[in-house]
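Report on the structure given below.
The values are calculated or read from the model by the stated rules, or taken from the named source; none is laboratory data. Remember, it's a predicted structure, so these values are computed and weren't measured experimentally. Don't worry about glycine lacking a Cβ; one is built from the backbone with ideal geometry, like all the others, and counts go over all protein chains shown. Side chains are part of the model used for accessible areas, which takes the heavy atoms of the whole protein and leaves out ligands, DNA and RNA. Shrake-Rupley method; radii C 1.70, N 1.55, O 1.52, S 1.80 Å.
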Amino acid sequence: MGPGTRQIKIKADSEPVTPSARSRVDPFLAMDVLDRANALGRAGRTVFHLEAGQPGTPAPQRALDAAQTALRGESLGYTESLGRPALRERIARYYRETHRVDIAPERVVITTGSSAGFLLAFISLFEAGQSLALAVPGYPAYRNIAQALDLKPHFIPCREAEQFRLTADAIGQARGIDGVLIASPSNPCGTVISPDDLAAIVDVCAVRKVSLISDEIYHGIAYGGRAQTALAYSRDVVVINSFSKYYSMTGWRIGWMVVPDDLVRTIERLTQSFYISPPTISQVAALAALDAADELDGHVRTYAANRSRLLAALQDAGFGSVAPADGAFYLYASVAPFGMDSATMAKRLLEEAGVAATPGHDFDPFEGDQWIRFSYAGAQNEVDAAAHALVAWCRNVRR
Ligand SMILES: Cc1ncc(COP(=O)(O)O)c(C=O)c1O
């Protein structure tokens, strides 16, 4: 030790660290199932991955080519916090071409996946303690992020009795809410909100002066007509989207928001401190992915074939009701006929049949033990083989 240096003593028995109450959110069971499924796979078992909500395909070829060129020729430093202007402009063009809606590129914010979009939206729209209406069942991160930010989730049941749909009426009847989050197509039900119903939801939110956030991450993946954007009815909504699903780029962690003019600078200040900027290489790839509809629409045709195959298998296997599945790539099915809860069923399905699926508790903390979610975003042959294994196991269990 040199002169003037002091020895730092590290306590042998450190105090246990108590996490804050707001940070104690539920685990994401789909990811826990994924971990176990991967462990079985590493041990040499054949595992069919119907648990994770992600395409089995890589990013489109154009995106990969653009990323490779950028790796060789660009320094890939930080970008503008709101994202590269060329990408923001291209997304504005997407709305003009796909939905005939004019959006100023300045209102487009590039984010680190849509997950970052929720954080930015919730913080910029709500004070701690305010209440956010959420459909149940719904994507679990909504309630977990809300809880971590000290917001109060206000759950609106959208189960079989409600035809799995969040309606303007139900929002109109919800007392004491400050915001509403809708998703169309939704996870886990695949429900698509019709243009008329969406317009009515936008109206009721405007009349009640509550903020509306529209999660449009599954846009592009619908089986009975394109889902409409909430931007078609209002400039005051916050729309959240991503390159994870239709664009097949989950691991690139890149998404976007469209926000009202008044929120742009607020969100810019937040994102400067939270993330500095979205990943540069992913912005390059995303820009190219927006011109890859030919390849990506091919994936949607695969999902459609998988959906039919798996729907037939669920019927053969003896499952109960299945939510409509008009979009996204999930089937949410009742396990009631099996006389076991969905956590038990998911565990046994994985261990005994090698089929990984997500118990409904992730999406519905109240009645989710009666439901299970299957993702059919994988390759056709994998979904076929999974369907086969599922039917065989279920028949055996019900015998
Ligand atoms: C409805 C919904 N929204 C948002 C996300 C988050 O996606 P990402 O952060 O990859 O954009 C998911 C992921 O499964 C989802 O299902």
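Rolling a 1.4 angstrom probe over the protein heavy atoms, how many square angstrom per residue are accessible across the stretch 61-291? Display every interim value, and only then the final one.
Working: 9340 Å² over 231 residues.
In whole numbers, the stretch 61-291 has 40 Å² accessible per residue.
Between ARG348 and PHE366, residue separation times 0.36 nm minus the direct Cα-Cα distance comes to 4.3 nm.
From the alpha carbon centroid of the stretch 70-129 to that of the stretch 247-296 is 4 Å.
With q set to 0.07, 0.13, 0.15, 0.16 Å⁻¹, the log10 of I(q)/I(0) for the stretch 61-291, from the Debye formula over equal scatterers at the Cα positions, is -0.21, -0.74, -0.99, -1.12.
Full-extension gain between LEU64 and ALA392, please, as 0.36 nm times their residue separation minus the C-alpha to C-alpha distance. Can you show the working numbers first?
Working: separation 328, 0.36 × 328 = 118.08 nm, distance 3.92 nm.
Gain on extension, LEU64 to ALA392, equals 114.2 nm.
Mind listing which trypsin sites (Lys or Arg not before Pro) in the stretch 284-337 are in a DSSP loop and have 11 or fewer other Cβ atoms within 10 Å?
Values: sites: ARG301, ARG307, ARG309; in loops: none.
Here no loop site has a sparse enough neighbourhood.
For LEU40 and SER194, compute 0.36 nm times the residue count separating them, minus their Cα-Cα distance, and round to one decimal in nm.
Working: separation 154, 0.36 × 154 = 55.44 nm, distance 4.14 nm.
Net length gain for the segment: 51.3 nm.
Under 5 Å between amide hydrogens, built in the peptide plane, is the criterion, and for ALA183 it picks out ASP215 among residues at least 5 positions away or on other chains.
Of all DSSP beta bridges located in the chain, what percent are antiparallel, nearest 5? Don't skip to the answer; put the middle values down first.
On the way: 17 of 36 bridges.
Around 45 percent of the beta bridges assigned by DSSP in the chain are antiparallel ones.
Pull out a ≥ b ≥ c, the square roots of the eigenvalues of the alpha-carbon gyration tensor of the chain, then state rounded if a/c is under 1.5, prolate if not and a/b is larger than b/c, and oblate in the remaining case.
On the way: a/c = 1.30, a/b = 1.16, b/c = 1.13.
Rounded, because the longest to shortest axis ratio a/c is under 1.5.
For the stretch 285-392, the calculated P(r) over all alpha carbon pairs, in 5 Å bins from 0 to the bin holding the longest distance, is 2, 12, 21, 23, 17, 10, 6, 5, 2, 0 percent. Spin-label model, ARG24/ALA206: points 7 Å from Cα along the beta carbon direction are separated by 4.4 nm. Loop-located trypsin sites (Lys or Arg not before Pro) across the stretch 124-185 with a Cβ neighbour count of 16 or fewer within 10 Å are ARG175, with loop assigned by DSSP. Here's the picture: a label point sits 7 Å out from the Cα of GLN173 along the beta-carbon direction, and within the stretch 179-202 the residues with their amide nitrogen under 19 Å of it are 179-182, 197-198, 200-202. On the stretch 1-96, 52 percent of the accessible area sits on carbon and sulfur atoms, based on a 1.4 Å probe. Once both labels are positioned 7 Å from their Cα atoms along Cα-to-Cβ, the gap between ARG265 and ASP316 label points is 6.2 nm. Simple spin-label estimate for GLN163 and SER234 gives 2.2 nm between the two label positions (7 Å along the Cα-to-Cβ direction from each Cα).
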